[in-house]
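The values are calculated or read from the model by the stated rules, or taken from the named source; none is laboratory data. All values reported here derive from a predicted model rather than from experimental measurement. In this analysis, Cβ positions are derived from the backbone assuming ideal geometry, glycine residues included, and neighbour counts consider all displayed protein chains.
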Amino acid sequence: MSDSAPLRVFLVVVDETPEHRVAVRYAARRAAHTGGRVAMLYVIEPAELQHFQAIEELARTERWEAAEELLHALCDEIAPIAGSMPIVYIREGRTHDAMLQLINEEPAISVLVLAAGTGPEGPGPLITYLTTGRLAARLRIPITIVPGGLSLDQVDQLS
């Protein structure tokens, strides 16, 4: 890769679903093959019970700690695969809003990688949100949707 070529950054939204690991692995392999980097976004959604301030603050702290722990473990796992340490973002708010804001703020992000859910409820709320209506047409980057039911070996073969 020449010095003038822009760095490709593969953004993965990480959550508590099992399929996020497939998306992270795919992004890491693509980053390794293209000289790019992986960025991981974890969004802490607002709690439903906002009128109990002390309880909400404790729950918020616990959610931040869980996010940091998950992202740290993923960084340790995929940095050797990707060839560099991933960029990590933790945001608060609605997942789709935080993701779109990050994409708009960070011009280096060039591909969004998501894994489709494997349950009966469909591909997942984020994929549904992005692929219905006109939102996908307004994104400035392509979306790669990886089947969430793939094994890590299958991901390695595809990427």
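Quick check, is residue 37 modelled with pLDDT under 95 and over 23 Å from residue 116 (Cβ atoms)?
no
Where the second residue is crowded, with 17+ Cβ neighbours inside 10 Å and small (Gly, Ala, Ser) and the first is in contact (Cβ under 8 Å) with a residue 24 or more places away in the chain and lies in the range 58-82, which pairs have Cβ atoms under 6 Å and are six or more apart or on separate chains?
As it stands, the answer is 78/28; 81/28; 82/28; 82/31; 82/32, since those pairs meet every condition given.
Would you mind finding the one in 56, 62, 45, 68 that is charged (D, E, K, R) and in contact with a Gly (Cβ under 8 Å, 6 or more places away or on another chain)?
On inspection, the qualifying residue turns out to be 45.
Output the qualifying pairs, or none if there are none: Cβ atoms under 9 angstrom, residues six or more apart or on different chains, first residue in the range 15-30 and under 13 Å from residue 145 (Cβ atoms), second residue of a type in the set (Gly, Ala, Ser) and in a helix (DSSP H, G or I).
So the pair list comes out as 27/82.
Go through the range 116-159 and report how many residues are part of a helix (DSSP H, G or I) and not basic (Lys, Arg).
Residues flagged as part of a helix (DSSP H, G or I) and not basic (Lys, Arg) within the range 116-159 amount to 17.
Yes or no: the range 48-55 includes at least one residue that is at pLDDT below 95 and of a type in the set (S, T, N, Q).
yes
Which residue pairs have Cβ atoms under 9 Å apart, sit 6 or more places apart or on different chains, and have a first residue in the range 88-106 that is over 18 Å from residue 70 (Cβ atoms) and a second that is hydroxyl-bearing (Ser, Thr, Tyr) and modelled with pLDDT of 95 or more?
106/89
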